[in-house]
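Scroll down for the structure; my scribbles are underneath it.
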Amino acid sequence: MTDTGFEKAPARDRRRFPGISSRAYEHPADRSALVALRKLSGFDTVFKALSGLLPERSLRLLFLSDSVRVGETQFPHLYAMLRDACYILDLEKVPQMYVQQDPKPNAMCIGLDEPIIVVTTGLVELLDEEEMRAVVGHEVGHALSGHAVYRTILLFLTNLALKVAWIPLGNVAIMAIVTALREWFRKSELSADRAGLLVGQDVNASMRGLMKIAGGNHLHEMNIDAFLAQAEEYEESGDLRDSVLKILNVLPRTHPFTTVRAAELKKWSQTRDHQRIMDGHYPRRDEDKDTSVTDSFRQSAAHYADSVRTSKDPLMKLVGDIAGGAGDLGGKLRDKFTGAGAGAGAGAGGASDAGSDAQGKGQDGGGSTERG
C-alpha cells in the first residue's frame, strides 16, 4: 500500500454471478423488508398499473428531453460499464441510463415500469473509471433488488398519507412512516454499495469513490486508513448527548454518512459471506419464491441485536447493558450523560464543556454533510 493508502488496481478479470439473487448482498434489514413485500402477490403490479398517476412518466420525459441518454454513441464508456455490470449481476434487461447536467455528484435509480439510472456530470467528472464502475454497479444493484419499484411505491404511499394529515394525530403517524422509510432507505444504500463491490471487485476503488464524494477530487490529500478511522471515532466518541445528536443528524437523511458507508463496506468485504459469493456460492434467483419471511425477519432482528452488542456508541452500550441486566441503572445514566466515570468528579465540568462544543459541531456538521 502506498503512503496515501491506495493499492494498485487488480487485473480486470472480474467474476460473473449467473442467476444471483439480490438476497446475496442485501443488508439484513433491507432483505427482510423486500422479502415481505415480494410475498404480497400483485402488490407492485397494482401500483404499476397506476403509474400514470405518479410523476414517473413526467420524469422519463424530462430526462429524455433534457439529459443525455447513454448508449453506443453517447458516453460509450459509461454504456460499456452499464452492460458489464448487468452481465456480472446477470440482470437480463439493461436499464436506460442518462447523464444529467448538475455539478453536484449524485446518482439514482428510479421507476415503476422499468428502472432508470441517472448520473450527474459532477459525478462523472469526479470519479475515475474503476470508481465509476462501482457506482454503476451500485445502481444496477438497486435495479436487481427492486429498490426502484418499492421506493417509488412507498414514496407514493407517503405522499398519499400527507393528504390526510388533517386527521388527529395524523402528523405523528406520518412521521413514523417517514422515519421507518428513511431507515430502510439507508439500509438499501448499504446493500447497493455491496452490489457495487461485486461488480467492480476492487474494494480500494469503492473506498476512493466514497472518499471523493466526501472530500472532492483531492486524493493526494486523503488516506483510506485515516478516513476509516473517522468512522470508528464517530461511533465511539462522546457521551449520551453525542449519541442523541447522532440520531437527530441521521434521521432526515436517506443515505448513511459517507465514512459509515466506507466502514460498513470494508467490513463486509472481509466477511465469509462476501468470500462465499466470490467463490460462487450464493442464493439463486429461482429460489426467491421459497424464501421465508419469518426467517428473514429473524435474521434482521439478530443483526440489530448483534449491532447493539458490539457497538461502541455510548447509547448502544447502555442499551446493551440494560438488556444484559446490568445494575445501578441510575448511576450509569448519570455517568453516561455527564461523561463522568467513577471518581471523575472534577472532570465532569470539563466533559460538559466538551459536550457542548461537540453539540455545536455536530449540528453544523450535519448540515454540511447533507449539502454534500
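State which residue is nearest to the chain's Cα centre (by Cα) when the search covers only the stretch 207-227 and only residues that are in a loop (DSSP other than H, G, I, E, B) and in contact (Cβ under 8 Å) with a residue 24 or more places away in the chain. In this case the residue turns out to be GLY216.
The set of residues in the stretch 251-300 being at pLDDT 95 or above, part of a loop (DSSP other than H, G, I, E, B) and surrounded by 13 or more Cβ atoms within 10 Å (Cβ to Cβ) consists of TYR282 alone.
Filter the stretch 74-102 for residues that are of a type in the set (Asp, Glu) and at pLDDT below 95 and give the result. Break it down into steps so the answer makes sense when it comes.
Looking only at the stretch 74-102, we keep the residues that are of a type in the set (Asp, Glu), and these are 84, 90, 92, 102.
Once the filter is applied, which keeps residues that are of a type in the set (Asp, Glu) and at pLDDT below 95, the stretch 74-102 yields only GLU92.
The values are calculated or read from the model by the stated rules, or taken from the named source; none is laboratory data. Bear in mind the structure is a predicted one, so any value in this text is a computation, not a measurement. Neighbour counts run over all protein chains shown; Cβ positions are idealised from the backbone, glycine included.
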